[in-house]
1. Considering only the label points, 7 Å along Cα→Cβ from Cα, what distances in nm to one decimal separate B:Gln66 from the same position in each other copy, shortest first?
2. Divide by every residue of the protein assembly as shown the summed helix terms, -39500 (n - 2.57) for each DSSP H run of at least 4, and state the resulting mean residue ellipticity at 222 nm, rounded to the nearest 500 deg cm²/dmol.
3. How many partner chain Cβ atoms sit within 10 Å of a residue's Cβ in peptide B:15-23, on average, as a whole number?
4. Within 10 Å of each Cβ in peptide B:74-81, how many partner chain Cβ atoms are there on average? Round it to a whole number, please.
5. Please state, to two decimals, what the Cα-based radius of gyration of the protein assembly as shown comes to when divided by 2.2 N^0.38 Å (N = residues).
6. For the residue pair B:Ala72 and B:Glu28, what label-to-label distance in nm results when each label sits 7 Å from Cα along the Cα-to-beta-carbon direction?
7. Partner chain Cβ atoms within 10 Å, averaged over the residues of B:107-118 - can you pull that number for me?
8. Whole-Å semi-axes of region B:58-141's equivalent ellipsoid, largest first, each the root of 5 times a Cα gyration tensor eigenvalue?
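We did not get these values from a lab; they are worked out from the coordinates using the rules stated. Being a predicted model, the structure only gives us computed values, none of them experimental. Ideal geometry is used to build each Cβ from the backbone, glycine not excepted, and the neighbour counts take in all protein chains shown.
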2 protein chains.
Amino acid sequence: MRLIDEAEKLFQGEIVDLERPECLRLLELSRVGRIAVNDPDGPLVVPVNGRADGEDVYFRLREGSQLALALADGRAAYEVDGFDEFRQAGWSVLVRGEVRRISPEDLPEHRSEWPRPWAAGERDVWVRLAGDSISGRRLLP
Amino acid sequence: MRLIDEAEKLFQGEIVDLERPECLRLLELSRVGRIAVNDPDGPLVVPVNGRADGEDVYFRLREGSQLALALADGRAAYEVDGFDEFRQAGWSVLVRGEVRRISPEDLPEHRSEWPRPWAAGERDVWVRLAGDSISGRRLLP
């Protein structure tokens, strides 16, 4: 147990907060993340293709899907991250805000193709998470 | 817009549900995931090192951290996933259940070193998510 404790510490890194511009940059580059909402069974977190415009994130969901049903107007969170299991390092960015169904016309200008779902099937539920807070952290190797 | 629509469909894959044994296997192999809980501002989703024993997942948190404060006894969800951005494919597993603070003696036998946090610092808040549902999906390339 003592040896394990010492080995563990050897590989542990420091966590540092990311500045806002870095958070926005990482969020903008991401094409897949996870959205957290509540349904009657409590918190739910599901991967989804999202595209960011500043602190706002756009999603296209399938009508009747678990996520579309849970994502009634209200609070939600969207997280993107990247990890290196070998170096035990990584980063994450979290956006929190209000979710609202929109129509394609409400997308940012010239963004009619946003976002591009990786999964097949009709995805006619357009959703915007209007971010009111963004934060991020990096775990150094 | 038509051309974009067609190209989009060309690369889209089917989503298939994972069987329970496959969900448990992927969960057991994972060393980092994301936990979703609620704080007064709504849903929150934060990366964390978790280790699974069947449907139960164990965490070691820092006292006073955002996650430790939000993780009062109650409902939570833990998600692990893996994505290939190039092939636009991936998988995810979701465990939902009740969170409870435990003492290290409540860990599964011979698991006193569980889980191993990648981040430095004292982590004296031991938490178990007692999973009561597990599900998973794979997005085929």
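1. Between copies, matching label points for B:Gln66 lie 2.4 nm apart.
2. Theoretical 222 nm ellipticity from helices: -4500 deg cm²/dmol.
3. Whole-number average of other-chain Cβ neighbours for B:15-23 is 1.
4. 4
5. In units of the globular-protein estimate, the protein assembly as shown measures up at 0.99.
6. 3.6
7. 3
8. 27, 15, 13
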